[in-house]
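The values are calculated or read from the model by the stated rules, or taken from the named source; none is laboratory data. Given the structure is predicted, the values throughout are model-derived calculations rather than measurements. Cβ atoms come from the backbone with ideal geometry, glycine included; neighbour counts cover every protein chain shown. To get the accessible areas, we keep the full protein, side chains included, count just its heavy atoms, and leave off ligands, DNA and RNA. Shrake-Rupley method; radii C 1.70, N 1.55, O 1.52, S 1.80 Å.
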Amino acid sequence: MSSLFNNYARRPVHLVKGKGTVVEDENGKQYLDFTSGIAVVSLGHAHPAIVKAIQLQSEKLWHVSNLFESPEQEKLAATLTKDTHFSHSFFCNSGAEANEAAIKLARKHTSKSTIITFSQSFHGRTFGAMAATGQDKIKQGFGPMLATFKTVPFNDPEALEAAIDNDVAAIMLEVIQGEGGIHAVTPEFASVITDICKSKGILCIVDEVQTGIGRTGTRYAYEQTGLQPDIMTLAKGLGGGFPIGAMLGTADLFDSFGPGSHGTTFGGNPLAVAVAKTVVDHVFEEEFLKEVSSKSEALSQKLKKTLPSDKFDIRGEGLLIGIDCKEDVTPYVRQAEEAGLLVVQAGTDVIRLLPPLTVTEQEIDQAVDILTSILLSPITI
Ligand SMILES: Cc1ncc(COP(=O)(O)O)c(C=O)c1O
């Protein structure tokens, strides 16, 4: 019997090392990692620049508390907010923590309590983030939830308008719902959100924990939508495998997060910040982002060419691609693993492809070959 709690349905695969897109198990079997640790290992496994950054920092300083000024956090914050309308950052350790900070900031700034979120959304497992999440299965057994989250159908302007009252502090959304099945906000809905927020003084929070840091081919996914978020949350790909989260906000919000209002012991840890700075310096290069888009195009075109559109719906942006198979994909995910390709489910029916942003065209071809041969032949597991 395992000494661990049973809260994950873990696969019996013991991964011991990785390089680029390839990971290896204890028996020497290699896999193409098209999960990248669920959108985390943005520069691939053991990227030399990250290895060097962590080695150098580990010889200088591992931890310093947020009682002291941090020039390194300042530099990372400046890089994240450069050429955006955001002006300030707060660093923490995970996506859920970044969302907790966003929820607190929105409530404190507006002195209102309702946060509107959307069906099928996912914002994390802590109490506020769980209450924000629009999926009942995530909340089962943990009730009662915090009362001031309202879940509204996604991409439904009328339902959103009907949910607005004088107590709404913020509208919070994922630009592309990742865990919920790869559903993007429509341009029309983005513009309705922007109009409502502007006219009613409601804050817009985008949760870019999964979509941020180049995943969709731009630095942040909201840049492709017309949304004008007041607050954005990041984690996953920001640390390239080292835990870090961030909340970015506009200048208007600065005074609402004064000394003592929020904090964390480990947030903005020097090792995490050194790695994150290395990640963003690579990913935010124009050429790098262009390559993400062209690789995305290659991946989705190849899938669309091979998989019949009446059976499979290919969705997503950048290197966050979903194949909606319109049936439970668990057996396909297992078969892919057998064949040396790691993929992850989004909801029940969608295979989610999230390779490292450094994936090569050749690896994309290999992955597409494995997937299409599985999806186009009868199930054998
Ligand atoms: C959109 C989104 N928000 C928040 C989270 C929670 O992040 P973490 O697991 O780092 O707390 C996730 C994790 O999958 C996510 O996809």
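Between Asp252 and Asn166, what length comes free when the chain is fully extended (0.36 nm per residue of separation minus the Cα-Cα distance, one decimal in nm)?
Here the segment from Asp252 to Asn166 would lengthen by 28.9 nm.
Extension gain Thr265-Glu286, at 0.36 nm per residue separation less the Cα-Cα distance, in nm?
That pair, Thr265 and Glu286, stretches by 4.1 nm at full extension.
From the P(r) of the range 52-144, can you give the percent of Cα pairs sitting at distances over 21 Å?
For the range 52-144, the share of Cα pairs beyond 21 Å comes to 52 percent.
Under the Kirkwood approximation for Rh and a Cα-based Rg, what ratio Rg/Rh is obtained for the range 196-333? Numbers along the way, then the final one.
Values: Rg = 18.3 Å, Rh = 17.5 Å.
Answer for the range 196-333: 1.05.
Taking the Cα centre of the chain as origin and charging only Cβ (+1 Lys, Arg; -1 Asp, Glu), how large is the dipole, in debye to the nearest 20?
680 debye
I need the phi-derived Karplus couplings for the range 201-218: 6.51 cos²θ - 1.76 cosθ + 1.60, θ = phi - 60°, integer Hz, Gly and Pro marked x.
Each residue's phi maps through the Karplus curve to give x, 9, 7, 10, 10, 9, 8, 9, 4, 9, 8, x, 6, x, 4, 9, x, 10 Hz.
Working out 0.36 nm times the residue gap between Thr186 and Glu59, then minus their Cα-Cα distance, what length gain in nm do you get to one decimal? List each step's numbers first, then the result.
On the way: separation 127, 0.36 × 127 = 45.72 nm, distance 4.74 nm.
Extra length available between Thr186 and Glu59 comes to 41.0 nm.
Give me log10 I(q)/I(0) at q = 0.26, 0.29, 0.36 Å⁻¹ for the range 315-354, Debye formula, one equal scatterer per alpha-carbon, no solvent.
-0.83, -0.97, -1.17
Using the Karplus curve 6.51 cos²θ - 1.76 cosθ + 1.60 with θ = phi - 60°, what ³J(HN,Hα) values do you get for each residue of the range 133-139, in whole Hz, with x for Gly and Pro?
Here the 3J(HN,Hα) series is 5, x, 9, 4, 4, 6, 9 Hz.
Beyond 30 Å, what percent of the Cα pairs of the chain remain?
The answer is 39 percent, as a whole percent.
From the residues Val175, Thr151, Val368, which one has its Cα farthest along the dipole of the chain in the positive direction, the dipole being from +1 and -1 charges on Cβ of Lys/Arg and Asp/Glu about the Cα centre?
Thr151
Mind checking the per residue accessible area of the chain for me, 1.4 Å probe, whole number of Å²?
Spelled out: the 1.4 Å probe surface of the chain, per residue, equals 46 Å².
When only alpha-carbon atoms count, how far does the range 1-63 stretch along each of its three principal axes, as whole angstroms with the largest first?
The Cα atoms of the range 1-63 stretch 41, 27, 23 Å along the principal axes, largest first.
With loop defined by DSSP as not H, G, I, E or B, and exposure as at most 14 other Cβ atoms within 10 Å, which is the longest segment of the chain clear of exposed GluC sites (Glu not before Pro)?
No qualifying site falls inside 70-284, the longest such stretch.
Where Lys and Arg each count +1 and Asp and Glu each count -1, what net charge lies around Ala339 among other residues with Cβ under 15 Å from its Cβ?
Numbers: positive: Arg11, Lys29, Arg334; negative: Asp25, Asp33, Glu337, Glu338, Glu363, Asp365, Asp369.
Summing Lys/Arg as +1 and Asp/Glu as -1 gives -4.
Compute, for the range 182-309, the length of the dipole vector about the Cα centre, with Cβ point charges of +1 (Lys, Arg) and -1 (Asp, Glu) only. Units Debye, rounded to 20.
Approximately 500 debye in magnitude.
Would you please calculate the Kirkwood hydrodynamic radius of the range 61-218 over all C-alpha pairs and express it in Å, rounded to one decimal?
Evaluated on the range 61-218, it is 16.7 Å.
Largest first, how would Ser309, Ser65 line up by accessible area (1.4 Å probe)?
Result of the area sort, largest leading: Ser309, Ser65.
So for the range 99-144, what percent of the C-alpha to C-alpha distances run longer than 18 Å? Present the calculation step by step, with values, prior to reporting the outcome.
Details: 289 of 1035 pairs.
Summing the P(r) of the range 99-144 above 18 Å gives 28 percent of all pairs.
Which of the listed residues, Leu105, Ile116, Gln135, is farthest toward the dipole's positive end in the range 77-161, when Lys, Arg count +1 and Asp, Glu count -1 at the beta-carbon?
Projecting each Cα onto the dipole axis, the largest value belongs to Leu105.
By accessible area of protein heavy atoms, probe 1.4 Å, what ranking do Ser2, Ser293 get, highest first? It would help to have the intermediate numbers written out before the result.
Numbers: Ser2 75, Ser293 55 Å².
The most accessible residue leads, giving Ser2, Ser293.
Can you give the % of DSSP beta bridges in the chain that are antiparallel, to the nearest 5?
So the antiparallel bridges in the chain amount to around 65 percent.
For His85, what charge total do you get from the other residues with a beta carbon under 15 Å from its beta carbon, if Lys and Arg give +1 and Asp and Glu give -1?
On the way: positive: Lys82, Lys198, Arg219; negative: Asp83, Glu208, Glu223, Asp230, Asp252.
With Lys, Arg at +1 and Asp, Glu at -1, the neighbours total -2.
With each run of n ≥ 4 DSSP H residues scored as -39500 (n - 2.57), what mean residue ellipticity at 222 nm is computed for the chain after dividing by its residue count and rounding to the nearest 500 deg cm²/dmol?
Per the formula, -10500 deg cm²/dmol.
Over 5 Å intervals from 0, what percent of Cα-Cα pairs in the range 245-305 sits in each interval?
All Cα pairs, binned at 5 Å, distribute as 4, 12, 13, 14, 14, 15, 10, 9, 6, 3, 1, 0 percent.
Please give the Cα centre distance for the range 288-353 versus the range 71-124, rounded to the nearest Å.
29 Å
Net charge near Ile321, counting Lys/Arg +1 and Asp/Glu -1 over other residues with Cβ under 12 Å of its Cβ?
Here the count lands on +2.
Of Asp207, Asp313, Asp252, which has the most accessible area with a 1.4 Å probe, and how do the rest follow in descending order?
Largest accessible area first, the list is Asp252, Asp313, Asp207.
Under 5 Å between amide H atoms, partner at least 5 residues away or on a different chain: which partners does His183 have, H built in plane at 1.01 Å?
The list, which skips near neighbours in sequence, is Gln177.
First compute the accessible area of the range 106-184 with a 1.4 Å probe, then give the percent of it belonging to carbon and sulfur atoms.
Numbers: 1760 of 3430 Å².
For the range 106-184, the apolar C and S fraction of the accessible surface comes to 51 percent.
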